[in-house]
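Beneath this line is the structure, given in structure tokens, with notes to follow.
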Amino acid sequence: MVTLSKDQKAALSHVLEWYRKDRDEMQYVTLGGYAGTGKTTLIAVIRQELNKIDPGLKVGFVSFTGKAARVLQTKIKEADIHFRQDSVGTIHALIYTPVLNDKEQIVGWKQKETIDRNLIIIDEASMVDSVIWEHLISYDVPMIVVGDHGQLPPIKGNFSLMQQPQLRLEEIHRQAKLDPIISLSIQARETGFIIPKRYSDRVIKFSSDDSTTAETLEEMLTNYKNDTLILCGYNKTRKRINSYIRAALGIESQTPVTGDRVICLRNNHKAKIYNGMLGTIARIEEKSDSVYDVDIDIDGEHDTYSGRISTEQFDADTTLNFTENRALYNGIDLFDFGYALTVHKAQGSQAKRVILFEERFSRMTDDEWRRWLYTAVTRAERELYIFPSL
């Protein structure tokens, strides 16, 4: 028998009342929860209770990316709440359908006219942009929107589903408090400061005064593996780390090559790639001074991205703006080296091991800094190593 906290009980009562009486007038309800507050547990209980109210209910559990959807699927399986009529996948798979050419090749995507779901439950909702949200709203299907309201808002635009959630989970569960990463996330969120010390063998905040810090960092970067997420604040730091790791891996070329790790920097709904997705180059061919033709294996996705990407974006200080030359850059996507990322770009991603450089912009408010640090810490699943700024 699951024992719910006070705020979980309140949220459960609100959601069930909304489903019974208000869902026709109020299409969605938003639920924010800090790391360790039991969002997944609550969603499991909500699904079980909804089955009592409406046994034939068809729920679509969705996340923004394929990797997040697979994590969600694992959570649902562990919670034993997967009813046969339910589905789990990406938002894209739920509401878009492929457009095929004469050779049965996918050349684009279009929005489905209808979806066979009575309720949508969105996980990691802070990743959802305004375009996809408008498409979801258009189906007039009730939605439970779940995310972490302690994280950074989207880096671009004013749209954020988690800015002011209607329901909030803020009580950290006793068992979660024993997790050193959760413990650090609380420090980050409440104080904006993490005390340098060894919290466990795999969760460490290094001090600039420690003579072994630089040597430890060099060893970690030199032995980089794809399951590691390296996070920082400044673009100049990101570029330095990307160059360092590529050299350590024996890559002599200054331009991208097969095997390079890359990150997508701009959404392309038709190509099913989204800002922040990571992948590995499987094939690359220079078509002109400004364009590469590539195949990229995107982490957590079944389909390989094949398309044209900009040569100018690699190692650029900022994301290229194609607005003024839209015709010239039509059909060209934006990728950059993806060994190290800024924390803003890492939103929605998680990794078994995270290496974090604490880098605060001078213009950051204290609240922005706490959100930045909290977002960074909660990217780690098992290992977290925090270093002072380079």
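The values are calculated or read from the model by the stated rules, or taken from the named source; none is laboratory data. Source: prediction; values computed, not measured. Cβ atoms come from the backbone with ideal geometry, glycine included; neighbour counts cover every protein chain shown. Accessible surface is based on the protein model in full, side chains and every heavy atom, while ligands, DNA and RNA are left aside. Shrake-Rupley method; radii C 1.70, N 1.55, O 1.52, S 1.80 Å.
Working carefully through the options 194, 172, 181, find the one that is aliphatic (A, V, I, L, M) and more than 16 Å from residue 376 (Cβ to Cβ). Before you say what the answer is, go through the steps one by one.
Values: 194 fails: more than 16 Å from residue 376 (Cβ to Cβ); 181 fails: more than 16 Å from residue 376 (Cβ to Cβ).
Only one candidate passes the filter, namely 172.
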Does residue 205 satisfy the condition of being of a type in the set (Lys, Arg), touching a residue at least 40 places away in the same chain (Cβ under 8 Å) and open to solvent by 10 Å² or more (accessible area, probe 1.4 Å)? yes
Quick check on my filter: what residues within the range 1-45 are over 19 Å from residue 161 (Cα atoms), of a type in the set (A, V, I, L, M), assigned to a loop (DSSP other than H, G, I, E, B) and open to solvent by less than 30 Å² (accessible area, probe 1.4 Å)? 4
Can you give me the number of residues within the range 374-390 that are modelled with pLDDT of 95 or more, aliphatic (A, V, I, L, M) and either open to solvent by 30 Å² or more (accessible area, probe 1.4 Å) or under 14 Å from residue 193 (Cα atoms) (or both)? 3
Looking at the range 46-95, which of its residues are assigned to a loop (DSSP other than H, G, I, E, B), among the hydrophobic types (A, V, I, L, M, F, W, C) and within 28 Å of residue 110 (Cα to Cα)? 57, 64
So residue 312 ticks every box in (1) open to solvent by 70 Å² or more (accessible area, probe 1.4 Å); (2) among the acidic types (Asp, Glu); (3) part of a strand (DSSP E or B) but one. Which box is left unticked? (3)
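Considering every residue within the range 115-124, establish whether at least one is at pLDDT 90 or above, assigned to a helix (DSSP H, G or I) and surrounded by fewer than 19 Cβ atoms within 10 Å (Cβ to Cβ).
If we filter the range 115-124 for residues that are at pLDDT 90 or above, which is where we start, we get 115-123.
Now drop any that are not assigned to a helix (DSSP H, G or I), which leaves none.
Scanning the range 115-124 turns up no residue that is at pLDDT 90 or above, assigned to a helix (DSSP H, G or I) and surrounded by fewer than 19 Cβ atoms within 10 Å (Cβ to Cβ).
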How many of the residues making up the range 257-274 are open to solvent by 10 Å² or more (accessible area, probe 1.4 Å) and either within 15 Å of residue 307 (Cα to Cα) or among the hydroxyl-bearing types (Ser, Thr, Tyr) (or both)? 9
